[in-house]
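The values are calculated or read from the model by the stated rules, or taken from the named source; none is laboratory data. A quick note: this is a predicted structure, and the numbers were derived from the prediction, not measured. Cβ placement follows ideal geometry from the backbone for every residue including glycine, while neighbour counts extend to all protein chains displayed. Heavy atoms of the whole protein, side chains included, go into the accessibility calculation; ligands, DNA and RNA do not. Shrake-Rupley method; radii C 1.70, N 1.55, O 1.52, S 1.80 Å.
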Amino acid sequence: MTRPASSVLVIVPAWNEEQNVGTTVREILATGRGYDVAVVDDGSMDATAAVAREAGAIVLSLPFNLGVGGAMRTGFTYAKRMGYERAIQVDADGQHNPADIDRVLAGLETADISIGARFSDVGDYQVRGPRKWAMKLLAAIVSRVAKTRLTDVTSGFRAAGPRAIEQYVRYYPAEYLGDTLDSLVAACHSGLTVTQVAVAMRPRAFGRPSQGAWGSTVYLLRSAFALSLAIMRRPTGRERGPV
């Protein structure tokens, strides 16, 4: 196995993101930090893989759509096999600013998992109605599990150190909200530590977000149910990471 030139792997899960993924990859590489970028093409039906490869990314192609959880577990498995010390998720749609990657990675100096938080008095990201209430409730509950104050537990802009990479290879759920809530709660149950840093989100460049008006309406009930299952569930020995 050839050791990677960089100690950091940026994992970009992408499903039908041919309009956005090229710009995202180029922006990451343009930071000049020497990150390696792996785009996980999650069964796309467009030219996502070709565009990402042309932009300079490593491309890991899945034969069919597994969702963000399946794509990220693929990315973490690649990171472990290739010997990366840190890995960070950056979404393909351009909402995560590559300029903030260093800020999120810096959180790994004191914790196993570092979350780029959208609700920490930085930027103007806003949500309203049931979705806002749900996010506050989820943050309050997960903060108790993590034993630290968290304000944005559904953010996908998060980094993992060596222990977290090991944990995510063992267990990284693909169910609704599993890639954010369940994976975070399971990591805390396994003894991993979590912190957050303030970041500003950008608007999606092209295309529609995965949730429309109806999805936002049912977000509260679905997220509460998902969190309840995550808290009640305890990882098995096979899934539990190193402590």
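Descriptive notes on the structure:
- Of all residue pairs spaced 6 or more apart or on separate chains, those with beta-carbon atoms under 8 Å, a first member in segment 7-30 that is in contact (Cβ under 8 Å) with a residue 40 or more places away in the chain and a second member that is among the basic types (K, R) are S7/R86; V8/R33; V8/R86; L9/R86; N20/R204.
- Scan of segment 24-46 for residues that are open to solvent by less than 70 Å² (accessible area, probe 1.4 Å) and under 22 Å from N65 (Cα atoms), ordered by number: T24, V25, V37, A38, V39, V40, D41, D42, G43, S44, D46
- From the options R86, R73, R103, residue that is within 17 Å of the chain's Cα centre (by Cα), in contact (Cβ under 8 Å) with a residue 60 or more places away in the chain, open to solvent by 10 Å² or more (accessible area, probe 1.4 Å) and under 18 Å from T180 (Cβ atoms): R73
- Highlighted here are the helices (runs of 4 or more DSSP H) found entirely within segment 132-243 that include at least 3 residues which are within 16 Å of the chain's Cα centre (by Cα) and modelled with pLDDT of 70 or more: 162-170, 183-189.
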